[in-house]
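K.L.:
Got a structure here, written out as structure tokens. Questions coming.
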Ligand code: DGL
């Protein structure tokens, strides 16, 4: 393959559904010339309540699909898949595969002053303790308090991010966390950055909020540069969106969180891959 072809090959980004668009939009912002192929597994969401074996199987299928689009690197935007499947699929894939946990953990380690970090995420992400392990590998002795907040996902997807009911749910989940002296909190789930202002208002100014999406895009930028496969053409990137179900609902959601309207979303049968 010509080097030039390699540079213009897209970045594959995948998630269990729509939430990973919070990561995709950060990639589009920081790497505006890169082409992106996004896949949201809307037929099989949520991943947060599923087993490790299932999440690895789903991730493998999605990577096989993305490879048919000739991607040059893959970003697992989903925290749950990053926590449970990243190591396995990285070992089997011949292109760089980046997850969101290591970048998020690193950002929190940089930010904390008192080594006390909160992590919110899905049941599977928190149970895996992946954030805790990565944080402690950088900051031995750090105290990490994890809290699964499963209702945050449907609240965002049903358009309740700004609703007062979300404040009640935040209070139910985070009251204990608020009574600790954490100074940093990782939003360890794709959907939670969309609740950022409410979570920030609830926890107060002393808690710094980390959205792993920002650092993930920085990691991707570094990997592309190191491998000399970054698209530096200056031409704006093009974006394709695929889902495994309910394409119209996805398009509507995408248009509400991306800074431009997407034309179409294609539905594919992911079980074929
Ligand atoms: N994308 C998932 C994550 O970041 C949240 C939704 C789900 O449970 O699938 O963990």
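K.L.:
Being within 15 Å of the ligand (Cβ to nearest atom), surrounded by fewer than 22 Cβ atoms within 10 Å (Cβ to Cβ), over 17 Å from the mean Cα position of the chain (by Cα) and at pLDDT 95 or above is the requirement here; does residue 54 meet it?
P.N.:
When the stated conditions are applied, residue 54 passes them.
K.L.:
Just one of 246, 263, 230 is out of contact with any helix residue (DSSP H, G or I) (no Cβ under 9 Å at 6 or more places or on another chain) and more than 17 Å from residue 191 (Cα to Cα); which is it?
P.N.:
After ruling out the rest, the residue left standing is 246.
K.L.:
So which helices (runs of 4 or more DSSP H) are wholly in the range 160-251 and hold at least 2 residues that are closer than 28 Å to residue 90 by Cα?
P.N.:
The helices (runs of 4 or more DSSP H) meeting that bar are 212-226.
K.L.:
Out of all the residues in the range 62-72, is one or more within 16 Å of the ligand (Cβ to nearest atom), touching a helix residue (DSSP H, G or I) at 6+ places or on another chain (Cβ under 9 Å), under 21 Å from residue 133 (Cα atoms) and at pLDDT 95 or above?
P.N.:
no
K.L.:
Looking at (1) surrounded by fewer than 24 Cβ atoms within 10 Å (Cβ to Cβ); (2) more than 21 Å from residue 214 (Cα to Cα); (3) within 16 Å of the ligand (Cβ to nearest atom), which is the one condition that is false for residue 86?
P.N.:
(2)
K.L.:
Quick check on residue 30: is it closer than 18 Å to residue 226 by Cα, more than 15 Å from the ligand (Cβ to nearest atom) and out of contact with any helix residue (DSSP H, G or I) (no Cβ under 8 Å at 6 or more places or on another chain)?
P.N.:
It is false that residue 30 is closer than 18 Å to residue 226 by Cα, more than 15 Å from the ligand (Cβ to nearest atom) and out of contact with any helix residue (DSSP H, G or I) (no Cβ under 8 Å at 6 or more places or on another chain).
K.L.:
If you don't mind, another one. If only one of 246, 254 is on the phi > 0 side of the Ramachandran plot and in contact with a strand residue (DSSP E or B) (Cβ under 9 Å, 6 or more places away or on another chain), which one is it?
P.N.:
246
K.L.:
Let me ask something else. What's the number of the only condition in (1) within 30 Å of residue 253 (Cα to Cα); (2) surrounded by fewer than 20 Cβ atoms within 10 Å (Cβ to Cβ); (3) more than 10 Å from the ligand (Cβ to nearest atom) that residue 123 fails to meet?
P.N.:
Result: residue 123 fails condition (3) only.
K.L.:
Related question: In the range 252-273, which residues are at pLDDT 95 or above and part of a loop (DSSP other than H, G, I, E, B)?
P.N.:
Scanning the range 252-273 gives 265, 268, 269, 273.
The values are calculated or read from the model by the stated rules, or taken from the named source; none is laboratory data. None of the values given here were measured: they were computed from a predicted structure. Cβ sites come from the backbone with ideal geometry, for glycine too, and all protein chains shown count toward neighbours.
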